[in-house]
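The values are calculated or read from the model by the stated rules, or taken from the named source; none is laboratory data. These numbers were taken from a predicted model, which means no experiment stands behind them. As a convention, Cβ positions derive from the backbone with ideal geometry for all residues, glycine included, and neighbour counts pool all protein chains shown. Keep in mind that these areas ignore ligands, DNA and RNA; they rest on the heavy atoms of the full protein, side chains included. Shrake-Rupley method; radii C 1.70, N 1.55, O 1.52, S 1.80 Å.
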Amino acid sequence: MLAGAFVVTWSFRLSGYLTFDSWLAVPVAVLGLSGLSAIIAAWLPERAIGSRRQRHIDWAVLVAVLIALGLWSYFQVFSGPDYGTDEIAFDQYAAQLAVHGIDPYLHSMAAAFPLFHVSPNGYTFQLNGQPVTTLSYPALSFEAYMPLVALGITTQAAVWMDVAAWAAGAVVLFAVLPRRLAPLAAVVVSMDVYIGYAVGGITDVLFVPLLVGAAVRWDRFARTRGPAAWRGPVLMGLAMAVKQTPWLVAPFVVAGIVLEARRDSAWGQALRAGLRYTGIAVAAFAVPNLPYLLHAPGAWLHGVLAPFSSEVVPAGQGLISLSLSVAAGGGSLRAYTDATAVVFVVALACYVATYPALRQAAFLIPSVVLFFATRSFGSYLVMLIPAALAAAATVTPRAQEAACWRHWKWVVLGGGAACALVIAAALTAASPLDISIRSVVTTGQLATVQQLNLAVSNTTGGSVRPAFTIEDGTTMTAFWRRQSGPAVLGPHQRASYAIVAPSYFAMPAISSGFRVLAFSQEPPSVSRTSSYLASQWRVVLQPAAIGEPVARGQDITVHAEIVNRLNDPHRAANVPVYLGQVIYAQSGLQFSQAVINQGQPGQTPVRALTNTEGVATFTIHSPAGNANPVYFEANLVNPTSFYPYGYSPILAVRFGS
């Protein structure tokens, strides 16, 4: 039933693109009807429809979802063809280099930025504000794209391969899940977070079908013989050859295999089972990486270990978000790294000590570990879920599970205490800088912030070299350029800084909140301001629209009301409201000749004060007609920093003869 409901949602998603191609109306209608029919079919008694026919319906639902995914992905790319992340740009660029016989681990990836039109906000930055330009993933991350590149297909090649990998992951998940759970594959493949990652440049999707295959009946490895025994470790090794996330899964699987084998044999034989799995997985990992490992071992090792060794800016939705958003830690980013290592060791110890209680969670526990990392993106937290579903649904059911180790409570309590200590250390390490926003400079009607003036105090006994950036929602922009202020802030020194946006992409909108982040390499730390909301009020115009032409010389009255973000009136008298006028003609901007409140023809803006109800009144007429409408827009002005904000919706008025 739930899978059918998601088919209906695909109909809604695709309907937003009907104006691109009219033929899309056919799949939109078919998907809507198919989804409703699938829901009804799920409610029919099994004896009326039969398990075989229900299985066919389930497959049909999955196929419908995958077709919808392909169509939706096409229109997503069509409307936004630029690559959204540096990782997908790096991987496709590396594939293009490898096809021409160039080792990408020895080559800078900087050329990928303009080649794939990556926004500066999509770069990965180091703590000093410089972007990362080295390839930071194992070889299969780009070798997966090489077949398309070798065929001469370079336009969106990586995106289409990522979408295909996500679709393949859904098919594999459907095939391996028990029949009653198989429709979950259609649900998972349709979730917004996953399809957004698949088409948005998150290359984690490449390892999903491999890791799902590795998760199937992983606990039976020690008892399986022949080619079937190779499936799990080979797929695990290939998943590890795509990205580093599956590296954290392997120790839990190997430990589980040893403990499973120990039930039926001695410790020596059980350990050999674990070593055999590890050996096959390492060999599978080595195969796609071997050419680069042999050609330039130092460069290859530096690349694949870069996520663990390079000092890049922290980001994500895990525990680090507290230090980025509120005054909780930030003074020691290394403390987060230490916490992650301790949590990993404790999680593995608890997994072993309580085995088999956590056996079904073997593929998901690493996501909990990554929650505490300095870079804990949402993809790290959710991309293991499909494999975890396959593992949980296919492990061998046992009539009576063996008891945990008798001292497991001490392991859990001791590990919990160790985790609490290191997490507390990370959350209590005070940031080295106290930063506040003194004033902002905006772009006016463009409604973005292009310069910030900061007051910064070094609260430590050491020198700090700050590098500033902006966090706008969940996006961390490119680092801002220091216009004034010392490059190095001495111990307990105070200074004023003026920072300017390096590009339009880095300018936050005044209509949404933002904060300033200051990173330092020595010590690795982050400091932050409180959230700054430049626009708390806005203006609405009444009437909102004038559909009929207004005669030349005829007066119209427009009321500008101040409201808050929930549209509650702000009843404040004598607040200045400014009404501007302009003509947006096809050939460019033109001056208008309208008269506002008895001012001069074309005068803009014109100020009026609000009454006790928070409403300013403007009387408008035009001494001349115009073929183009005149566009009126009202705004407020901050009384201390004098930036305009709270722009109203535009009122278009056509003045006739």
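Structural remarks
- On inspection, Pro502 fails the criterion of being under 27 Å from the mean Cα position of the chain (by Cα) and buried (at least 20 other Cβ atoms within 10 Å of the Cβ).
- Pairs linking a residue in segment 128-154 that is open to solvent by 20 Å² or more (accessible area, probe 1.4 Å) to a residue that is among the charged types (D, E, K, R) and not in a strand (DSSP E or B), with Cβ atoms under 7 Å and 6 or more positions apart or on different chains, are Tyr137/Asp91; Tyr137/Lys243.
- Residue check, Val212 open to solvent by less than 10 Å² (accessible area, probe 1.4 Å), modelled with pLDDT of 95 or more and among the β-branched types (Val, Ile, Thr): yes
- Some residue of segment 45-68 being of a type outside the set (Asp, Glu), assigned to a loop (DSSP other than H, G, I, E, B), closer than 30 Å to Arg180 by Cα and modelled with pLDDT under 90: yes
- Qualifying residue in segment 545-554 (condition: at pLDDT 95 or above and open to solvent by less than 40 Å² (accessible area, probe 1.4 Å)): no
- Candidates Leu290, Leu238, Leu259, filtered to the one that is closer than 27 Å to Thr340 by Cα, open to solvent by 10 Å² or more (accessible area, probe 1.4 Å), modelled with pLDDT of 95 or more and not hydroxyl-bearing (Ser, Thr, Tyr): Leu238
- All positions within segment 113-167 that are among the small types (Gly, Ala, Ser) and more than 14 Å from Asp204 (Cα to Cα): Ser119, Gly122, Gly129, Ala150, Gly152, Ala157
- Close pairs from segment 543-570: first on the phi < 0 side of the Ramachandran plot, partner loosely packed, with under 11 Cβ neighbours inside 10 Å and at pLDDT below 90, Cβ under 6 Å, at least 6 apart: Arg552/Ser657
- Taken over segment 56-76, the residue count meeting the criterion of being open to solvent by 40 Å² or more (accessible area, probe 1.4 Å), more than 15 Å from Val7 (Cβ to Cβ) and touching a residue at least 60 places away in the same chain (Cβ under 8 Å) is 1.
- Test: residue in segment 611-622 that is of a type in the set (Gly, Ala, Ser), surrounded by fewer than 19 Cβ atoms within 10 Å (Cβ to Cβ) and either over 44 Å from the mean Cα position of the chain (by Cα) or more than 20 Å from Ser648 (Cα to Cα) (or both): no
- Of the strands (runs of 3 or more DSSP E) entirely within segment 480-574, those holding at least 1 residues that are over 29 Å from Gln450 (Cα atoms) and polar (S, T, N, Q) occupy 537-542, 556-564.
- Residues within segment 354-377 that are surrounded by 20 or more Cβ atoms within 10 Å (Cβ to Cβ), in a helix (DSSP H, G or I) and of a type outside the set (Val, Ile, Thr), tallied: 4
- The single residue among Ala327, Ala306 that is open to solvent by 60 Å² or more (accessible area, probe 1.4 Å) and of a type in the set (Gly, Ala, Ser) turns out to be Ala327.
- Among the residues here, Leu301 qualifies as open to solvent by 30 Å² or more (accessible area, probe 1.4 Å), on the phi < 0 side of the Ramachandran plot and among the aliphatic types (A, V, I, L, M).
- Within segment 242-349, helices (runs of 4 or more DSSP H) holding 2 or more residues that are under 24 Å from Asp103 (Cα atoms): 267-295, 297-304, 306-309
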